[in-house]
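All remarks here apply to the structure that follows.
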Amino acid sequence: MRAAITATGHYVPPDVYPNAYFERNLDTTDAWIQSRTGIAERRFAATGATSDLIVPAAQRCLEGRGISPAAVDCVIVATMTPDRLCPSTAAIVQRKLGAVNAWGFDLAAACSGFVYGLVVATKMIESGAARSVLLCGADRMSSVVDAQDRATAVLFGDGAGVVLVEAADDESLGILDHVCHMDGEGETALHIPAGGSAQPASQHSVTHRQHYVVQDGPAVFRAAVVGMAEVTQEILKRNDLQQQDIAWLVPHQANRRIIEAVAKRLGVGLERVVLNLDRYGNTVAATIPIGLSEWNDAGRFAPGDRIVLSAFGAGFTAGSVYLRWAMKRP
Ligand code: ACO
């Protein structure tokens, strides 16, 4: 049995923070942020948790498919900002959404979380273990970014993207292949030092601001360009695809310069690259499903389009999925 994305939905909070907001609060400029990252604005949630970003996105996704939350078999939440360490955000989403018949779990792979989750959801459908998997990629990065650190504060945003994965009607369409990698040597290049079992929360950890994202930006940049290009080249080669066969490349949205470098290495023109980083910043596990949902809503994917998703993130983690779009235009 072949698995396919059969519905999409996304949600971003209403409050827009343009680069001018950081010009007022930090030693930075709109020109620096735009030229070094490609980000013009992002959304931050004033209240609520990651599950509150997911629920409206999930509702739109299920409404688009015309099914009730009770029809969902499994909820997977890819996130690095769970509502709490325990219980899972998937359990909270299940309750808030009313997905009363679903089981589920969280998946921790940072910016690669959605791609990893799509592989898991695909295998569940292919094996017959589930008929419908609600895959959510969501992060409330404003809860873990140090507003005083100009090198990270400007990069991230809050948002959620959700897809429904079900059996494909047409066996030639849907999710065809994947490549996933991990290199644990990257642990401290991008991490949150405290709050886990390695360094539980303490007065010291709070005083020393160790509950925020810490990264070696240039090291992550270099690793992301190489890692994303390699994983994408690998999936193209495995499937005997030339760059001109690809209708759309959907890369994780961390930095426009990373995306441009990867697209150049692959020989894919930017007119075939999904880009929304300028409006949302890096929403981590949400970037790819928000892009899929926006492009689907706008009717930019045609049935049968060959699409490659590519991600790179903390861990380090990397993943790529090759699919043929199985939904009709809205
Ligand atoms: N405004 C002005 N100056 C800044 C800012 C800012 N917001 N942030 C950093 N700088 C300064 C630095 O302090 C440094 O100053 P110095 O030379 O006096 O020390 C200078 O700019 C250059 O810093 P670099 O870090 O070398 O700048 P770079 O061109 O590499 O860009 C950036 C930094 C944007 C963080 C880049 O390294 C990057 O995007 N890295 C990837 C990180 C990332 O995207 N992480 C997200 C998660 S992982 C993922 O999603 C793939």
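The values are calculated or read from the model by the stated rules, or taken from the named source; none is laboratory data. All values derive from a computational prediction rather than experimental measurement. Backbone-built Cβ (ideal geometry, glycine too); neighbour counts: all protein chains shown. What goes into the accessible areas is simple: the full protein's heavy atoms, side chains included, and nothing from ligands, DNA or RNA. Shrake-Rupley method; radii C 1.70, N 1.55, O 1.52, S 1.80 Å.
The table below lists the values:
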read-out: Condition check for A219: in contact with a helix residue (DSSP H, G or I) (Cβ under 8 Å, 6 or more places away or on another chain), touching a residue at least 24 places away in the same chain (Cβ under 8 Å) and surrounded by fewer than 16 Cβ atoms within 10 Å (Cβ to Cβ); value: yes
read-out: Every residue from the stretch 126-174 that is within 25 Å of R42 (Cα to Cα), of a type in the set (A, V, I, L, M) and part of a strand (DSSP E or B); value: L135, A138, A160, V162, V163
read-out: Residue match in the stretch 176-193 (condition: open to solvent by less than 10 Å² (accessible area, probe 1.4 Å), out of contact with any Cys (no Cβ under 7 Å at 6 or more places or on another chain) and not in a helix (DSSP H, G or I)); value: yes
read-out: Among the residues listed as V100, V72, V145, V93, the single one being without any contact (Cβ under 8 Å) to a residue 40 or more places away in the chain, touching a helix residue (DSSP H, G or I) at 6+ places or on another chain (Cβ under 9 Å) and on the phi < 0 side of the Ramachandran plot; value: V100
read-out: Long-range neighbours under 6 Å by Cβ, at least six apart or interchain, first residue within 12 Å of W325 (Cα to Cα) within the stretch 169-196, second of a type in the set (F, W, Y); value: L176/Y322
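Residue-by-condition table, conditions (1) open to solvent by 40 Å² or more (accessible area, probe 1.4 Å); (2) closer than 30 Å to C74 by Cα:
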{"residue": "A168", "(1), (2)": "no, yes"}
{"residue": "P200", "(1), (2)": "yes, no"}
{"residue": "V206", "(1), (2)": "yes, no"}
{"residue": "N255", "(1), (2)": "no, no"}
{"residue": "E260", "(1), (2)": "yes, no"}
